[in-house]
Structure formats: C-alpha cells, structure tokens
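Only one structure is covered here, and it is reproduced in the block below.
The values are calculated or read from the model by the stated rules, or taken from the named source; none is laboratory data. What you see is a predicted model, and the numbers here were worked out from it, not measured in a lab. Using ideal geometry, Cβ is built from the backbone for each residue, glycine included, and neighbour counts are taken over all protein chains shown. These accessible areas exclude ligands, DNA and RNA; they are computed on the full protein's heavy atoms, side chains included. Shrake-Rupley method; radii C 1.70, N 1.55, O 1.52, S 1.80 Å.
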Amino acid sequence: MKILVFDTCLDKMYVTLAEDNKILSSKVVTNRDNKYHSAFLISTIKEMLKENNLTPKELDAIGTNIGPGSFTGIRACTTVARMIAQQLDIQAIGISSLEILSHLNNTNQKTVVALDARKDSAYLYLDNTIKGAVKLENVKNLLSKENYYLITDDKLQKELGGISYQQGEYQLGEILAKLTYDKLKQTSTKWQELKPLYIQPPGVHGVNLEKSI
C-alpha cells in the first residue's frame, strides 16, 4: 500500500511517502521568499512522486493533519487531501496535530500535549483524547499533580515547561505516515468524511478541566 501524507498545519510543512510502514521519502519545507510553506505543497508532492518514479494513480491512500494549527495550513492540507483522494477514488485519513505530537514521547511517562490556543488557553491532549481549549491555569494545575511528559510550542514552553516541538528536528511527517498506515488497517475512511478540526476557543470562563477529565 503506497501512502502519501502531508502536514501544513504547524510551523513547517511535512510531506512523506511510504509503502505500508516503510518510509520511502520525506521532506520538510519552511516558509521562504515571504511565502507560507503551504504554497509549496503541490510542487513538493509532484517532486516527491517523480523522485520515486510514481504517478498519482499508484497511490492507495492519503493522510493529512487536520489541526489544530494555522487556519490557512489546515484549509490547505485538508482541501488538497480531499481533492487528490476524490480524483483517485482512494481513502483519506485525518489525524490531529495533537495526536501526531504525542508520539514524540518515547518514555514511559504519561503524555500531555498543550498548544497555544490564545486567550490564555491551550489545546489539550491527554489520555489519547482531545480535551478542547483549556485555560492555562487549569493546565498548570493538572501538570502540578503528576509527572507528565509535556510536549508544547515555543510560546507555552515559557509558561509550562516541557519540550517544544518547534525546537527540535522531529520527523513529524514520518510519524503521520505511520499513524495513517495503522489507522488504515483498523478502519475504512472515505474522502468525503475528511474534515478540518477547528477547536473553538473557550468562553469567558474557559473549560473546567477538572470536570472534563
């Protein structure tokens, strides 16, 4: 099974080609020439297929990050994923950036992923579940109760600690490819079901974390 995955939701663009769980090729693209990295998505896909002597018709499935992240990036990768999958009549799998980042934890500690949601809040991922947008004070309270492995971004690292995915050379495209392959073995997903993940920010008082978990 040949799988093409891409992610334009985060601070870099990741494009990866795999056959089953074997990585064939992987590229990381940053913003350049005053253009957001998603502007290079189609050209990068074409380049990767050509380098691997493949045509789009030889692809069996598409995987993409559906958010949270950049609004522009989420729209770009979900639209392109649906377009390709529709034209080829193949499956399309959507995976959240929170789940992708959770796989940076290679320890036995429980994982928490917290990404900036603005308004003093974080998009929270805990116990393999998206908890929504949670007030930072509640996230800090959670982290004080147990020794979690925290994965976050540059902005929230200053307040919460942990590791920032933006400071390492992490192969997030390869993680996305492997997650896509695993999910394809478990379920059949039509391209029509692929939708962006827009997590609404909390209201004035935010989410009550203690009740939500």
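Tally the residues that are modelled with pLDDT under 95 and not hydrophobic (A, V, I, L, M, F, W, C), restricting the search to region 11-42.
Looking only at that region, the number is 12.
Pull up region 169-200, narrow it to residues that are closer than 14 Å to Ala92 by Cβ and of a type in the set (Ser, Thr, Tyr), then point me to the one that is most open to solvent (accessible area, probe 1.4 Å).
Looking at residues that are closer than 14 Å to Ala92 by Cβ and of a type in the set (Ser, Thr, Tyr), I get Ser188.
With respect to Lys46, determine if the residue is basic (Lys, Arg) and modelled with pLDDT of 95 or more.
Here the answer is yes, as Lys46 does meet what is asked.
Count, please, the residues in region 13-43 that happen to be touching a residue at least 24 places away in the same chain (Cβ under 8 Å) and surrounded by fewer than 20 Cβ atoms within 10 Å (Cβ to Cβ).
Residues meeting the conditions: 10.
Counting residues that are open to solvent by 20 Å² or more (accessible area, probe 1.4 Å) and more than 25 Å from Phe6 (Cβ to Cβ), which helices (runs of 4 or more DSSP H) fully inside region 63-147 reach at least 1?
Per the criteria, 136-145.
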